[in-house]
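A short worksheet on the structure shown next.
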Amino acid sequence: MIVRLRPYLPTAALAFLIFYFGFHALTGERGLLSSPVRDAELSAKRHELALLQAERADLEVRAKLLRDSSLSRDLLEERARSLLGYSDPRDYVIRIEH
């Protein structure tokens with residue numbers, strides 16, 4: 001019986017490979033049916049990128065104000081009080097844990 005099926009083994013193997021790769025092309029991690037999941041992840045990452053870019057822009061402005069060429073007295077005083085833990089007796093101090 002196996003002798004009679006021997007000519008069909010290469011065809012069966014090729015059909016199995018086509019089915020295997022076709023199945024994974026549709027349902028795999030990067031398959032056609034997983035595109036909504038990828039789109040949702042991409043949207044979330046873009047939102048996270050926008051938040052990080054805004055935070056970076058804020059930090060760049062603060063760093064620029066602390067340079068010698070354009071020193072901001074208010075920002076310098078704020079940083080000194082924050083780092084040293086000092087405050088004016090008329091100030092209201094609210095400590096927030098990060």
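Read the figures in this text as sums done on the coordinates, not as results from a lab. It should be emphasised that the depicted structure is a prediction, and the values quoted were computed from it without experimental measurement. Cβ placement follows ideal geometry from the backbone for every residue including glycine, while neighbour counts extend to all protein chains displayed.
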Taking the condition under 31 Å from the mean Cα position of the chain (by Cα) and either not in a helix (DSSP H, G or I) or not charged (D, E, K, R) (or both), does residue 51 pass? yes
So which residues in the stretch 71-98 are surrounded by 10 or more Cβ atoms within 10 Å (Cβ to Cβ), of a type in the set (A, V, I, L, M, F, W, C) and more than 20 Å from residue 60 (Cβ to Cβ)? 80
Residue 21 meets each of (1) within 34 Å of the chain's Cα centre (by Cα); (2) assigned to a loop (DSSP other than H, G, I, E, B) with one exception, condition (2)
Qualifying positions in the stretch 24-49 - of a type in the set (A, V, I, L, M) and either touching a helix residue (DSSP H, G or I) at 6+ places or on another chain (Cβ under 8 Å) or closer than 30 Å to residue 80 by Cα (or both): 25, 26, 32, 33
